[in-house]
Amino acid sequence: VKLRRYTDAERIEILKKNILKINGVKSVHAFEDMHDKMYEILSFFKTNISIFIILISIISFLLMIKQMTIWQLEHYERMQIMALFGAPVWLRSTILIKLAIVDATLALLMTIGVIYYIINQPQLLSVISELGMTNISSFWHEDISMLAAISYGVALISTLWVIVRFKEH
């Protein structure tokens, strides 16, 4: 029996018990020691990578807000003139929103490019085939829309944050 994905030790025990219930099966070898060690290593990596991603995300978000604040200060006079003529806030900030969308698009394309490069590395492909994982290409169909939503969402939220905090004098 070959599993489609790594699972925890409890699930392995349940599978062993279910297989032993089948008539004619005398013993089940699950290579538990190897599986448990590999599962712990992968769980450790997943936890550390998740913490790293959260920290980098927070720092990136704060840097985006600072960059937009600087942009807003550069265009302060133009925005004040538009305010004097009665332009709504969203119209005064249109260029900032467009800039955020362009930056999010560039970030998304660069991220997809890096992931595509990493996924097509021979070393990674050999490790994946040794582990018996065959559907790595499912990343493209399942996660690109999530990456796009995160990219555009963060860009627009940080832009709206800067727009709302803008003080007119």
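Please count how many residues of segment 78-97 are open to solvent by less than 90 Å² (accessible area, probe 1.4 Å) and assigned to a loop (DSSP other than H, G, I, E, B). Full working, then the answer.
Going residue by residue through segment 78-97, those that are open to solvent by less than 90 Å² (accessible area, probe 1.4 Å) are 78-80, 82-83, 86-89, 91-97.
Within this subset, residues satisfying the condition of being assigned to a loop (DSSP other than H, G, I, E, B) are 86-88, 93.
Residues in segment 78-97 being open to solvent by less than 90 Å² (accessible area, probe 1.4 Å) and assigned to a loop (DSSP other than H, G, I, E, B): 4 in total.
Taking the residues in segment 22-77 that are assigned to a helix (DSSP H, G or I) and aromatic (Phe, Trp, Tyr) as candidates, determine which candidate is modelled with the lowest pLDDT.
Among residues in segment 22-77 that are assigned to a helix (DSSP H, G or I) and aromatic (Phe, Trp, Tyr), the one modelled with the lowest pLDDT is Tyr39.
Only one residue in Thr134, Thr105 is at pLDDT 85 or above and within 22 Å of the chain's Cα centre (by Cα). Which one?
Checking each option against the conditions leaves just Thr105.
The values are calculated or read from the model by the stated rules, or taken from the named source; none is laboratory data. Just so we're clear, the structure is a prediction, and the values are computed from it rather than from any experiment. Heavy atoms of the whole protein, side chains included, go into the accessibility calculation; ligands, DNA and RNA do not. Shrake-Rupley method; radii C 1.70, N 1.55, O 1.52, S 1.80 Å.
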